[in-house]
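Here's the structure, in structure tokens; my notes come after.
The values are calculated or read from the model by the stated rules, or taken from the named source; none is laboratory data. Note that the structure is predicted; figures quoted are calculated from it, not measured. All Cβ positions, even for glycine, are placed from backbone atoms using ideal geometry, and neighbour counts span all protein chains on display. What goes into the accessible areas is simple: the full protein's heavy atoms, side chains included, and nothing from ligands, DNA or RNA. Shrake-Rupley method; radii C 1.70, N 1.55, O 1.52, S 1.80 Å.
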There are 2 protein chains.
Amino acid sequence: MAPLPGWKVGLVSARTADSARDIPEATVARLPVYLRALTTLVDNGTATCSSEELAAAAGVNSAKLRKDLSYLGSYGTRGVGYDVDYLRYQIAREIGVTQDWPVVIVGIGNLGHALANFSGFRSRGFRVVALLDADPDRRGERVAGIDVRDFADLEPIVREHGVAIGVIATPASAAQDVADQMVEAGIRSILNFAPIVISVPDGVDVRKVDLSIELQILAYHEQRKQSEATA
Amino acid sequence: MAPLPGWKVGLVSARTADSARDIPEATVARLPVYLRALTTLVDNGTATCSSEELAAAAGVNSAKLRKDLSYLGSYGTRGVGYDVDYLRYQIAREIGVTQDWPVVIVGIGNLGHALANFSGFRSRGFRVVALLDADPDRRGERVAGIDVRDFADLEPIVREHGVAIGVIATPASAAQDVADQMVEAGIRSILNFAPIVISVPDGVDVRKVDLSIELQILAYHEQRKQSEATA
DNA sequence: AGGACTTTGTGAACGGGAGAACAAACTGAG
DNA sequence: CTCAGTTTGTTCTCCCGTTCACAAAGTCCT
């Protein structure tokens, strides 16, 4: 993930971080998708690709892809396409996954287990530095090679490792309290898997993943399909 | 979840299913959130609530909430607010969670385990009728009280239970094949947890949940916050 | 009954994102 | 060097979703 020799370093330094302002939120949400598609292409040994190919791999329109990439800068070559490895690095840098992000996971139930073992985090620069649970029975348990520790240890852990991102995988009843303490400890970005809306002060980002909501959206469309079929 | 006596059944029958056409996608995605907020209010013994209260519980603007609900019909009372139990039923019916949705989960790794044990599915009308895995070593294993069966059994299971929704929790390498076979077996709605874009024929809905993408979006904003702080 | 007050439902203005379409820029052959 | 072919970057238009603001419609108190 380090810049390779031969890359257009001049261009990189010409585009300093401050010129990367105001990338639309919709684009930011798609950049990780492009990143994954590019990684797949690299693994296949592909050196160059057109916006059409990359768009197909990412499941989007090629015009949209080009517009998204244009917010980052001009990293393609007209008449040729994009250098896969170079573009991948640029997107990774823009998102911030070239650096190491220490993460804590709170709530080591079924979901917490799955998250702790999820290899997709590690491979994208996210390092789980601690697993916390309020239940004393879980202490000492070892999950994914990490000891489960007391939730009360949150603050020193955050301070020691410089943790900026916290993951909530607790039941809904505990989520708000966990979020409050995370904020208190200095965490400013939270990924919430608990099925409840948590409120946080300004300046703290929360993203929510709700498994049952996705299924319900599918159910709605399925119901429509079925009622249309019978009509 | 059954209609209670005393509810405005007249209105319900006046608004037949076909009048519920073209609800905006953004609204559909929020209805499950409202449903959950209303369920919480019911559990607290709240009988009536204003759009302001419900919007706060759901984490949205009250004007947006009212407009969303207006797509379903006029279920509120001006000057008073909404009957919590009544509105909850109307939303549940609109989404389709008043009926029973049989679901199969394919891929019983860490995430499959967590999904199989996730109580939020069951409580919203989703019933896991089968767990499937291609790995013979997993056969006979019992997860959440359900035997893990051979992936080759997919088609008869779908036919027998009338399964319309499938969940993919396999590694990325297997996901496209699993999706193909699901479509072949008659499934028309797929929830995909594998980190890859799968392609399906027209008429099949796919929703994607990618845990690492959410973290990457947080990382982007966190990076911005940190670079602003040092500037 | 009447008037003050509350809250819904919706029309209208506004902003942002999606997609089409094209000019600019590069390659490569002759 | 020139010209045909290719692909990017960007402009323009359209559409969807959000938000404001207010009329309509109900409640409650006197």
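Remarks
- Of all chain A residues, the closest to the A-onto-B rotation axis by Cβ, with that distance in whole Å, is A:A114, 2.
- Cα gyration tensor, the stretch A:69-108 - rounded (a/c under 1.5), prolate or oblate: prolate
- In this rough spin-label picture, where each label sits 7 Å from Cα along the Cβ direction, the B:R159-A:D202 distance is 6.2 nm.
- Environment charge of B:K225, counting only residues whose C-beta is closer than 10 Å and scoring Lys/Arg +1, Asp/Glu -1: -1
- Size of electric dipole in the stretch B:9-95: Cβ of Lys, Arg +1 and of Asp, Glu -1, about Cα centre, debye, nearest 20: 140 debye
- Debye, to nearest 20: dipole size of the protein assembly as shown, +1 on Lys, Arg Cβ, -1 on Asp, Glu Cβ: 960 debye
- Annotation: amide H-H contacts under 5 Å for B:I165 (H modelled 1.01 Å from N, sequence separation of 5 or more, or interchain): B:V104.
- The B-A contact accounts for roughly 6000 square angstrom of buried accessible surface, both chains included, probe 1.4 angstrom.
- nm² value of the averaged projected area, convex hull over the Cα atoms of the protein assembly as shown: 25.1 nm²
- Cα-Cα separations in the stretch A:34-80 greater than 14 Å, expressed as whole percent: 49 percent
- Helix-only mean residue ellipticity at 222 nm for chain A, each DSSP H run of n ≥ 4 adding -39500 (n - 2.57), per residue, nearest 500: -14000 deg cm²/dmol
- Carbon and sulfur %, accessible surface of chain B computed with the full protein complex present, 1.4 Å: 50 percent
- Under a 5 Å amide H cut-off, with hydrogens placed 1.01 Å from N, B:V128 pairs with B:V103 among residues at least 5 apart or on other chains.
- Dipole axis of chain B (+1 Lys, Arg; -1 Asp, Glu on Cβ), positive-most option in B:S227, B:I165, B:L215: B:S227
- Normalised by residue count, the stretch A:160-208 yields a Cα convex hull volume of 67 Å³ per residue.
- Lysine pair count for the protein assembly as shown [Cα-Cα under 30 Å; pairs on different chains or 8 or more apart]: 28
- Approximate spin-label separation B:K225-B:T77, in nm, with each point projected 7 Å along Cα-to-Cβ: 4.4 nm
- Taken about its Cα centre, the stretch B:101-213 carries a charge dipole of about 540 debye when Lys and Arg each add +1 at the Cβ and Asp and Glu each add -1 at the Cβ.
- Evaluated at q = 0.16 Å⁻¹: base-10 log I(q)/I(0), Debye formula over Cα of the stretch B:101-213: -0.66
- Probe 1.4 Å, accessible area per residue of the protein assembly as shown, Å²: 45 Å²
- Net +/- balance of residues flanking B:G96 in space, Cβ distance below 11 Å, scoring K and R +1, D and E -1: +1
- Computed over chain B, the Cα gyration tensor eigenvalues convert (square root of 5λ each) into semi-axes of 35, 26, 17 Å, ordered from largest to smallest.
- Label-to-label distance for B:T98 and A:A26 is 3.5 nm, based on points extended 7 Å past Cα in the beta-carbon direction.
- Under the combined filter of DSSP loop state and at most 15 neighbouring Cβ atoms within 10 Å, the stretch A:51-142 retains these GluC sites (Glu not before Pro): A:E141.
- Label 7 Å beyond Cα on the Cβ vector: B:S227 copy-to-copy distances, nm: 4.8
- Along the axis of the charge dipole computed for chain A (Cβ charges of +1 for Lys and Arg, -1 for Asp and Glu, origin at the Cα centre), the listed residues A:F126, A:T77, A:T27 are led at the positive end by A:T77.
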